[in-house]
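Participant: Right, I'll just put the structure down here and ask away after.
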Amino acid sequence: MSIALLLRPNKNVLRFFIGSFFVLIALSCSSYADSEATGALPKMRASMDQLASASPSPPVALDKKQASSFTVPLLRRSNVFLITDDQAISKNYAVHRDVVSTMLSRLVCAITNKKTTSAAWQSLVKTGAHGDVIGIKVTTEPGPLSGTHRELIKALIQELLAAGVVREKIIVWDRRHQDLLSAGYGLESGLQLQWIEEGSGYDPKQFFSSPLMGQLVYGDYGFNPSSIVRNGDISQYTQPQNDFPNHSYMRHTPRDFKNNFETKSLKNLIHPNCETRVQKTPHSLEEWLGHTQNQLSNESHYAWLLTQRLDKVINVPSLCDSCYCGINGALASMTLGVVDNWRRFIKAPYYGAPYIPTLYATEQIKNKVVLTIMDALALQYVGGPSASPAHAVPYGTLLASYDPVAIDAIGLNLINEERHTHQLPEVGALTSHITSAEALGLGHATKKEIEIISLSKKGVSPGIPGSRD
């Protein structure tokens, strides 16, 4: 009888076994789905994996704020507006302000699709007494010829003022005060200049971290010169390194500066040893242990001005090559130029990829840049990002885009064209950060996804494939 009772069907027991069966199925499906999700990555991640396999670089550790600012690949083409005028800059590098002002006005109205410059800027920034604090990020390390020209910045400021931006809310800034002076910005009145190193400094609480360790040097947040004293002399650690000559050239013409500048050998400029500008970092464990003077960090602090003072940024890089990452353009200017401990990102085999685009994608940078205007009044095709006047040419061009990747891709094309003219090799693999930026969804780098809209008269624009007048 007891055996019969045990064999009799029990609804509760059946429900238990049936429920357990479906739970096991659900768990196995979930596990399979997870494995499929990690195996079938979106195209953006697949592209990044291909890039990583081509140049082995460790993944970047992101916090929630950094990760939240990433974008997906763009679905429509990017526009790069371009305008050229032969009268903008003379063969002696004299910039004609009125011509440049007209070029800028046309460029800004075209990219915003507004009839006036005031309406154009009002669509990008908040004006008035309670308006945005605007930072105009310039690139002055290439010097007065190849850096961001102050005539362009003066014209830009005049347009902002006419649009209703309060003068006290317009800040022109770069990393180093001496670079600003070397580019001639100290000669201009009415500019509110600010700089990071030995100036407003870096934000101690906001930083970008990655597995890469970097050696802190003078100017970096947390650098302590007293801990690496050699024979009681700390002067070499308390003075910034500068590749520029003294300021005596500012009493002369740009052509005098070009002729008097002590030029490095062409071989070193084309295939530069960037370790001469970036202190060598030990690689093996034995080297690290034996290099007791190193102050190491895996953090790069953002400029305090960027995180705490500025509401919007207008990025105005110049068209200049770079031995670090191929082009010292929109992406490099707003990443390597606004954080400390940046040298770790551009050493071989990285050359900025994927660290430059990953850094640009953080909310501290990407969310504040409203427009990129590339100053190509002069083009430096060799020796950058430092000044190399012997390898600069008057170019008379301005570019603008909302897409920092596209404008860098076009700028790189122009640099390579100029190199071809002088029978020099193309920039090459140093620019992998541009492809990496496209993979992260920051913009387009391929020609078929970029529309170049020329505002110049036919026959005047630089020869760029795919452009239309």
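Quick note: the coordinates plus some simple rules give every number you see, no bench work behind them. Keep in mind the model is a prediction, meaning the values are calculated, not measured. Note that each Cβ is placed from the backbone with ideal geometry, even for glycine, and that neighbours are counted across all protein chains shown.
Participant: Give me, ordered by chain and number, the residues 5 or more places off ALA303 or on other chains with an amide H under 5 Å from its own placed amide H.
Facilitator: Placed amide hydrogens put ASP203 under 5 Å from ALA303.
Participant: May I pose another question? Using the per-residue mean of other Cβ atoms lying within 10 Å as a proxy for protection, in what order, highest first, do the peptides 297-305, 315-323 fall? Numbers along the way, then the final one.
Facilitator: Working: 297-305: 22.1, 315-323: 29.6.
Going from most to least packed, we get 315-323, 297-305.
Participant: Please list, ordered by chain and number, the residues whose modelled amide H lies under 5 Å from the amide H of GLN192; skip anything fewer than 5 residues away on the same chain.
Facilitator: VAL172
Participant: Pairs LYS126/LYS448; LYS114/LYS366; LYS91/LYS114; LYS169/LYS447; LYS205/LYS368; LYS91/LYS368: which exceed 28 Å Cα-Cα?
Facilitator: On the way: LYS126/LYS448 34 Å; LYS114/LYS366 24 Å; LYS91/LYS114 33 Å; LYS169/LYS447 37 Å; LYS205/LYS368 18 Å; LYS91/LYS368 36 Å.
In this structure, LYS126/LYS448; LYS91/LYS114; LYS169/LYS447; LYS91/LYS368 lie more than 28 Å apart at Cα.
Participant: A further question follows. With θ set to phi - 60° and the Karplus curve 6.51 cos²θ - 1.76 cosθ + 1.60, what are the ³J(HN,Hα) couplings of region 384-389 in order, to the nearest whole Hz, using x for Gly and Pro?
Facilitator: x, x, 6, 6, 9, x
Participant: Something else: Would you mind ranking ILE410, ILE136, ILE171, ILE327 by Cβ crowding within 10 Å, fewest neighbours first? Could you put the intermediate results ahead of the total?
Facilitator: Working: ILE410 28, ILE136 24, ILE171 19, ILE327 31.
Fewest-to-most ranking of ILE410, ILE136, ILE171, ILE327: ILE171, ILE136, ILE410, ILE327.
Participant: Sticking with this structure for a sec: Sum up the charges of everything whose Cβ sits under 12 Å from the Cβ of HIS96, counting Lys and Arg as +1 and Asp and Glu as -1, but leave HIS96 out.
Facilitator: Values: positive: ARG97; negative: ASP85, ASP86, ASP98, GLU151.
For residues surrounding HIS96, the net value is -3.
Participant: Run the numbers for ALA119 and GLN192: contour at 0.36 nm per residue of separation, minus the present Cα-Cα distance, in nm. Provide the component values of the computation, followed by the final result.
Facilitator: On the way: separation 73, 0.36 × 73 = 26.28 nm, distance 2.38 nm.
Extending this stretch completely gives an extra 23.9 nm.
Participant: Follow-up question, since we're still on this one. Classify region 410-452 from the C-alpha gyration tensor, please: rounded if a/c falls under 1.5, else prolate or oblate depending on whether a/b exceeds b/c. Present the calculation step by step, with values, prior to reporting the outcome.
Facilitator: Values: a/c = 3.86, a/b = 1.72, b/c = 2.24.
It is oblate, given that a/c is not under 1.5 and a/b is not larger than b/c.
Participant: Next question, about the same structure. Can you give the net charge of the other residues whose Cβ lies under 14 Å from the Cβ of GLU418, counting K and R as +1 and D and E as -1? Please list the in-between numbers first.
Facilitator: Numbers: positive: ARG419; negative: ASP321, GLU417, GLU426.
Here the count lands on -2.
Participant: In terms of modelled amide H atoms, which long-range or inter-chain residues lie less than 5 Å from the amide H of SER318?
Facilitator: Those qualifying (amide H under 5 Å, at least 5 residues apart or on another chain) are THR139, THR148, ASP375.
Participant: Checking the a/c ratio against 1.5 first, then a/b against b/c, what shape does the Cα gyration tensor give for region 321-380? Please report the intermediate quantities before stating the final value.
Facilitator: Values: a/c = 2.19, a/b = 1.06, b/c = 2.07.
Judged from the Cα gyration tensor, region 321-380 comes out oblate (a/c at least 1.5, b/c at or above a/b).
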